[in-house]
Structures are given as structure tokens and as C-alpha cells.
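Below is one structure, written out as C-alpha cells, with a few remarks after it.
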Amino acid sequence: MLNSILNSTQVSILEKALSAASLRHKVISNNIANVNTPKFKKSEVSFEDQLAAAMDAKTAPIARTHERHLPTKSAGINVEPTVNTINTTSFRSDGSNVDIDSEMAGLAKNSIYYDAVAQQISKYFANIKSAINGGKS
């Protein structure tokens, strides 16, 4: 019972989203640290588009909520963040493609995203705690 609560699809997706945001923070920090490195090519983390495709109505798993329901194939959502190096652009004379302004904006956006996902996980477990306590905080 406890295992099914802690390993639910929602918690799994939120954990992967936190992991992706953490990886994105490291990648953006690396880009910022190498802003003045000649011929350095920036990297980006891809996760949200892959998650959206996996959660598309055609591929999303169907939950079996009662033992008398017909069994369904449930593939689960197995999406991992990937790091991609951007080699196609180079707008600086030293061959680097890092724009400090866009990296700083991306860092701020990622911080907001991380906080939002962490709040969702917190709400999930707060709801479970409330159910255990019979609706009392």
C-alpha cells in the first residue's frame, strides 16, 4: 500500500522533473562559467517536450481502478532528461555561442520551474498526510 503511494506515476514524473531542473541548472551554470571561453558551444537540457509527447492521450497509460475492469497495457512514462550541445550557432567573433543575458534569464526561469515542481510534490504529500489524519492538519 505504502509502496503504491510513494511510487505513483505522479510522484515519479515530479521526481524526474526535479531531476531535469537540477541538471538544467548545472548545464546553465557551466554555460555561464564558460562565457568567455573561445569556441565554447553551449548546451541545453531537453525534458519537457519529451514528457509532453509521452503523456499524449494516445500513449498515456490507462489506470485500472477496479479489479473487474478490463486489463490494459500500461507502458508507464519513462522519460529522462537529455543534454544537447548546440553547435549550429556562433554569433561571437571568438566562436562561442553563449549569450550571458539569455543564460541568466534561463537560470531564473529554471529556478521558478524547480520551485513550482517542489511545491507540487509537497502538496501531494500534504494531501496524503491530511487523508491519514482524517482531514485534520
- Query: What number of residues within the stretch 43-53 satisfy the criterion of being buried (at least 17 other Cβ atoms within 10 Å of the Cβ) and over 10 Å from the mean Cα position of the chain (by Cα)?
  - Reply: 1
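When you scan the stretch 123-132, do you find a residue that is outside any loop (DSSP other than H, G, I, E, B), modelled with pLDDT under 95 and of a type in the set (S, T, N, Q), even just one? Show your work before the answer.
Let us first name the residues in the stretch 123-132 that are outside any loop (DSSP other than H, G, I, E, B), namely 123-132.
From what's left, modelled with pLDDT under 95: 123-132.
Checking which are of a type in the set (S, T, N, Q) leaves us with 127, 130.
The answer is yes, given that some residue of the stretch 123-132 is outside any loop (DSSP other than H, G, I, E, B), modelled with pLDDT under 95 and of a type in the set (S, T, N, Q).
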- Message: So, LYS73, is that one modelled with pLDDT under 90 and basic (Lys, Arg) or not?
- Response: yes
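Can you confirm whether THR85 is of a type outside the set (A, V, I, L, M, F, W, C) and touching a residue at least 12 places away in the same chain (Cβ under 8 Å)? Please lay out each step first, then the result.
On the way: of a type outside the set (A, V, I, L, M, F, W, C): yes; touching a residue at least 12 places away in the same chain (Cβ under 8 Å): yes.
Answer is yes for this residue.
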- Query: What number of residues within the stretch 2-42 are outside any helix (DSSP H, G or I), of a type in the set (A, V, I, L, M, F, W, C) and surrounded by 17 or more Cβ atoms within 10 Å (Cβ to Cβ)?
  - Reply: 1
- Task: Exactly one condition in (1) within 17 Å of ALA33 (Cβ to Cβ); (2) free of Cβ contacts under 8 Å to residues at least 40 places away in the same chain; (3) charged (D, E, K, R); (4) not in a helix (DSSP H, G or I) is not met by ASP94; state its number.
- Result: (2)
- Task: Among the residues of the stretch 54-70, write down those that are surrounded by 10 or more Cβ atoms within 10 Å (Cβ to Cβ) and modelled with pLDDT of 70 or more.
- Result: ALA54, MET55
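The values are calculated or read from the model by the stated rules, or taken from the named source; none is laboratory data. All values reported here derive from a predicted model rather than from experimental measurement. Cβ coordinates were reconstructed from backbone atoms using ideal geometry, including for glycine residues, and neighbour counts include every protein chain displayed.
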